[in-house]
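Okay, structure first, notes after.
The values are calculated or read from the model by the stated rules, or taken from the named source; none is laboratory data. Every value quoted in this text rests on a predicted model; they were computed, and no experiment measured them. Note that each Cβ is placed from the backbone with ideal geometry, even for glycine, and that neighbours are counted across all protein chains shown.
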């Protein structure tokens with residue numbers, strides 16, 4: 001099982017490259033597909049949140065409830081996804097001995113569904 | 001029903017041709033000075049009777065028949081031809097004459113160069129009379145009548161008077177007009193005429209001198225009025241004649257030039273028709289208002305509603321004694337007011353639908369108690385006033401638009417989050433088949 005922080009591999013791979021590229025290569029090589037999926041999800045949520053926040057500041061916050069709903073759905077989903085990532089990451093297994101990845105995913109899914117329920121209630 | 005009416009109309013018209021009537025009533029009281037004879041006005045009175053009026057004569061000093069009995073006006077119209085009467089019976093006072101106006105009784109009053117109670121009443125109507133004993137005098141055009149008997153050109157196009165009348169003979173006192181907007185000048189003095197107490201021209205210099213000294217200026221020129229109408233707010237009409245002779249048989253039959261009769265007869269008839277509310281009488285039949293695409297009025301309107309206001313107006317036709325739809329008003333306006341008119345828009349006649357005036361407008365973005373106000377006041381025409389109160393309320397909590405175009409980024413954000421969540425879950429569960437094997441393998445290792 002590959003670990004996310006495999007320092008020796010990163011160093012050997014990126015010794016002749018720029019630090020950012022080597023960081024990226026280390027991440028790409030040593031992160032499991034599942035965590036990558038979560039990370040892609042997180043990036044998407046962050047960008048979506050940033051766009052909404054900029055729109056709120058620069059254009060209008062007029063249906064403020066819609067802004068709150070849209071922004072909160074991004075932030076909430078981000079928090080839930082981040083928690084999921086923390087819990088299913090094999091590197092953190094010591095800290096979450098009680099929580100199996102399945103249980104973590106079930107909690108994440110339930111939390112997300114509740115979150116979306118509130119978001120759509122608040123949106124219109 | 002409509003067909004029946006169309007059939008009946010010509011019959012009615014034939015039947016009532018001889019009975020042209022006023023819109024307010026047919027009874028006329030004529031206060032005739034004892035010094036005047038009924039026979040001297042036979043043409044004028046005869047024309048009135050021919051139209052269907054019932055004339056009652058009374059001397060100004062007689063006590064009966066009463067003008068007002070138990071606070072009810074007994075006659076629809078009162079004619080006061082009393083140029084010489086200094087004291088009237090107890091019930092004919094300036095106050096009672098004015099109160100007649102508020103009871104929608106029309107007055108036809110004749111002035112004279114003499115000082116009478118009517119002269120002081122005239123000033124209440126914003127008519128400024130020259131000093132007593134100064135009749136209108138004119139030496140033009142050259143003629144064989146005394147200078148106080150003057151041919152006056154009738155305005156060729158006047159709302160009230162028939163067009164292209166020959167000049168009328170006039171003898172009497174002119175009136176300067178105050179700035180009262182209810183005055184309706186009907187006949188103006190000729191430009192060469194002036195008011196003078198001198199019978200001959202010898203006193204002319206003295207007259208000019210006196211006029212300059214007193215600061216009043218000369219009572220002269222076409223700004224002086226000879227016959228002046230007045231329409232009170234109650235729509236009752238009062239017409240002041242500068243001299244009673246204007247309506248006399250003498251003047252009616254007098255030739256204005258060789259072979260041409262004067263226009264006095266038609267003029268008198270026209271003036272009486274206006275004064276007795278035969279002509280230029282309008283009324284608002286009904287008022288409707290509703291939201292666009294609806295037919296019934298709402299109890300309340302919401303801000304920014306589009307509302308249609310419609311009014312139906314009729315004009316009185318004295319020949320048929322009928323109210324007919326009238327679309328001739330081009331300059332009517334509608335106001336939508338809450339203290340101030342928030343909207344003032346023209347209320348045009350609708351082509352093809354006689355008597356209908358309609359306008360559609362957007363209710364302002366302001367809630368409160370509003371009024372549709374139609375206030376049409378034009379000289380010589382019945383005043384039309386109508387006021388309808390409607391409350392304008394803000395939208396109810398569930399009447400606001402729910403989804404706004406400005407919020408599309410937020411909606412897109414929320415939906416894309418959900419979509420991404422679903423996609424993520426799918427990927428996660430799809431990956432589940434492989435991963436456990438791998439992890440099992442890893443565990444096995």
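Before moving on, here are some points about what is shown:
- Of all the residues in the range B:116-134, those that are under 17 Å from residue B:220 (Cβ atoms) and in contact with a strand residue (DSSP E or B) (Cβ under 7 Å, 6 or more places away or on another chain) number 5.
- Any hit, the range B:89-99, residues being assigned to a strand (DSSP E or B) and assigned by TED's automatic domain parsing to the domain that holds residue B:232: no
- Among the residues of the range B:37-61, those that are buried (at least 18 other Cβ atoms within 10 Å of the Cβ) and part of a loop (DSSP other than H, G, I, E, B) comprise B:53, B:60.
- The condition of being exposed (fewer than 15 other Cβ atoms within 10 Å of the Cβ), farther than 19 Å from residue B:412 by Cβ and within 11 Å of chain B (Cβ to nearest Cβ) holds for only one of A:38, A:113, that being A:113.
- Any chance residue B:64 is buried (at least 22 other Cβ atoms within 10 Å of the Cβ), part of a loop (DSSP other than H, G, I, E, B) and in the same structural domain as residue B:242 (by TED's automatic domain parsing): no
- Unique match (being in contact with a helix residue (DSSP H, G or I) (Cβ under 9 Å, 6 or more places away or on another chain) and either at positive phi or outside the structural domain of residue B:229 (by TED's automatic domain parsing) (or both)) among B:403, B:372, B:361: B:403
- Test for residue B:172: is it in a loop (DSSP other than H, G, I, E, B) and more than 21 Å from residue B:237 (Cβ to Cβ): no
- Taken over the range B:69-87, the criterion of being without any contact (Cβ under 8 Å) to a residue 40 or more places away in the chain and buried (at least 18 other Cβ atoms within 10 Å of the Cβ) is satisfied by B:73 alone.
- Meeting the requirement of 2 or more residues that are without any contact (Cβ under 8 Å) to a residue 24 or more places away in the chain, the strands (runs of 3 or more DSSP E) wholly within the range B:326-415 are B:340-346, B:384-393.
- Test result for residue A:91, touching a helix residue (DSSP H, G or I) at 6+ places or on another chain (Cβ under 7 Å), away from chain B (no Cβ under 13 Å) and at pLDDT below 90: no
- Within the set B:399, B:435, the sole residue that is modelled with pLDDT under 90 and touching a strand residue (DSSP E or B) at 6+ places or on another chain (Cβ under 9 Å) turns out to be B:399.
- Among the numbered conditions (1) modelled with pLDDT of 85 or more; (2) not in a helix (DSSP H, G or I), the only one that residue A:1 does not meet is (1).
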